[in-house]
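Undergrad: My questions will all concern the structure given below.
The values are calculated or read from the model by the stated rules, or taken from the named source; none is laboratory data. None of these values were measured; they are calculated from a predicted model. No Cβ is skipped: glycine too gets one built from the backbone with ideal geometry, and neighbour counts run over all protein chains shown. What goes into the accessible areas is simple: the full protein's heavy atoms, side chains included, and nothing from ligands, DNA or RNA. Shrake-Rupley method; radii C 1.70, N 1.55, O 1.52, S 1.80 Å.
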Amino acid sequence: MLTTYRGHVVSPRADGGWDDWPDGRMAVDASGTIRDVGPWKLRRRGGRTVDLRPHIVLPGFVDAHAHVPQLAACGVHGSSLLAWLKTWIFPLEAAFRGERARRGAEAFFRESLAEGTVASALYAAAWPESVEACFAAARKAGVRAIIGPPLMDVEPYRDDLGRPRGWTERLLAEATQLCRRWHAPEGRLRFAFTPRFALSCTPELMEGAAELAARFNAPVQTHLAETPEETRLVRRRFGRAYVDVYRRAGLLRRGAVFAHAVWLKDREWHALGEAGACVAHCPTSNLFLGSGTMRWRNGLRVALGSDVGAGPSLSAFDVMRASIATGAASSPAALLRAATRDGAAALGFPGGSLEAGGPADFVVLDRGVIVPPGAPDVENTQDMLSRIVHRGSRAAVMATHVDGARLHQRSFHR
Ligand SMILES: [Zn+2]
């Protein structure tokens with residue numbers, strides 16, 4: 001059975017432009033695939049109609065970098081990265097096990113859907129059981145997710161690892177097992193080999209992770225050049241530039257997601273681009289920890305990340321506005337594209353746009369929140385995109401759908 005949604009349909013196109021149909025329609029089949037999208041007056045007959053007018057139908061958001069166990073730390077304890085990790089975050093992750101992990105992971109995806117996010121690249125805690133809990137919660141929620149345990153064989157917070165000699169092998173063996181169990185490239189869930197960052201890893205662990213990612217054709221994600229202090233320590237320990245540490249380990253791979261990339265030289269930025277890697281730009285987090293401002297250059301794909309819990313919320317709207325506030329980006333259209341189409345492409349997921357043949361991953365935004373009283377009924381596309389970025393919020397997200405299924409519905413009405 002075909003369901004046709006009628007509303008104001010807005011979606012980024014492959015050619016860099018935007019589709020914008022104030023009285024638009026999107027027909028979705030029973031499998032959750034978009035069959036047809038365009039102006040209402042050119043609709044095909046048949047099936048049922050869901051009238052969403054005057055509200056806005058937009059592709060759902062993609063969060064290219066966040067930490068599931070850190071949701072509880074959002075908005076408190078701001079300090080510098082390395083002190084914050086040690087004092088607040090590692091103890092929080094160390095406790096993310098058992099029932100706490102199960103409940104925490106389920107709460108995370110509820111929050112994420114309420115913010116309009118349909119797909120994410122996520123770090124669990126270092127315990128395999130926390131990875132299991134995150135995958136189980138993502139499957140239950142029905143979202144798309146890339147998930148991995150942050151691999152750490154330098155000062156790990158796990159107390160079950162025994163003598164340091166065997167840590168690297170054990171962590172790689174556990175990751176292999178988790179990958180075999182959960183990695184499903186054709187489905188909504190994928191396992192990611194996730195060296196936490198260079199300072200948490202021996203070269204052997206990073207190399208092992210890169211080899212396994214190649215063997216299983218699985219994604220890689222890590223942090224890169226978030227703060228000056230961290231970047232200096234990496235150079236001191238490894239004797240080379242940050243990107244070259246990862247390159248040497250084999251981690252500069254197509255589809256690899258590098259979070260932050262604030263303190264990079266042009267040469268390093270271009271090396272990422274040549275490898276086909278992408279950057280998860282996390283401006284709310286960079287503001288909160290005082291890490292600096294990423295310089296957004298051409299030559300590689302930039303997606304957006306909430307970086308919860310350094311980022312104070314899972315809201316793509318907050319991330320887009322922080323990018324503008326810090327001067328990293330100036331164009332609402334470019335940010336909205338990064339939060340949808342480019343984000344999905346960066347993570348290798350379908351979706352990110354509303355097109356025939358793609359999955360019906362979309363949000364319904366309340367026009368009453370986005371457009372102020374007195375504004376013209378119909379306005380040009382750039383103005384509409386700007387209003388979505390500058391006036392959007394969780395309160396505007398009326399519903400969130402993945403593969404056509406409504407996974408979240410706003411529980412109050414204005
Ligand atoms: Zn992070």
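Undergrad: Sort out which residues of the range 343-358 are over 13 Å from Leu58 (Cα atoms) and open to solvent by less than 40 Å² (accessible area, probe 1.4 Å), and write them in order of number.
TA: Gly343, Ala344, Ala346, Leu347, Phe349, Gly358 - these are the residues of the range 343-358 that are over 13 Å from Leu58 (Cα atoms) and open to solvent by less than 40 Å² (accessible area, probe 1.4 Å).
Undergrad: May I ask you to say which residue of Ala107, Ala121, Ala126 is open to solvent by 10 Å² or more (accessible area, probe 1.4 Å) and either within 16 Å of the ligand (Cβ to nearest atom) or polar (S, T, N, Q) (or both)?
TA: Ala126 is the lone residue from the list that is open to solvent by 10 Å² or more (accessible area, probe 1.4 Å) and either within 16 Å of the ligand (Cβ to nearest atom) or polar (S, T, N, Q) (or both).
Undergrad: For Asp153, only one of the following conditions fails: (1) assigned to a helix (DSSP H, G or I); (2) buried (at least 20 other Cβ atoms within 10 Å of the Cβ); (3) more than 16 Å from the ligand (Cβ to nearest atom). What is its number?
TA: (1)
Undergrad: Exactly one of (1) crowded, with 24+ Cβ neighbours inside 10 Å; (2) free of Cβ contacts under 8 Å to residues at least 40 places away in the same chain is unmet by Leu336. Its number?
TA: (2) is the only condition that Leu336 fails.
Undergrad: I've got another one for you. Select, from Arg181, Arg240, Arg235, Arg163, the only residue that is basic (Lys, Arg), farther than 27 Å from Ser80 by Cβ and touching a helix residue (DSSP H, G or I) at 6+ places or on another chain (Cβ under 9 Å).
TA: From the options Arg181, Arg240, Arg235, Arg163, the qualifying one is Arg181.
Undergrad: Among the residues of the range 265-289, what is the count of those that are over 17 Å from Ile146 (Cβ atoms), assigned to a loop (DSSP other than H, G, I, E, B) and within 12 Å of the ligand (Cβ to nearest atom)?
TA: Matching residues across the range 265-289 total 1.
Undergrad: Looking at the range 186-264, what strands (runs of 3 or more DSSP E) fall wholly within it and have at least 2 residues that are away from the ligand (no atom under 13 Å from the Cβ) and buried (at least 18 other Cβ atoms within 10 Å of the Cβ)?
TA: 189-191
Here's the yes/no breakdown for (1) among the aromatic types (Phe, Trp, Tyr); (2) within 23 Å of Ala141 (Cα to Cα); (3) without any contact (Cβ under 8 Å) to a residue 24 or more places away in the chain:
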{"position": "Ser79", "(1), (2), (3)": "no, no, no"}
{"position": "Thr87", "(1), (2), (3)": "no, no, yes"}
{"position": "Pro91", "(1), (2), (3)": "no, no, no"}
{"position": "Arg103", "(1), (2), (3)": "no, yes, yes"}
{"position": "Glu106", "(1), (2), (3)": "no, yes, no"}
{"position": "Phe109", "(1), (2), (3)": "yes, yes, no"}
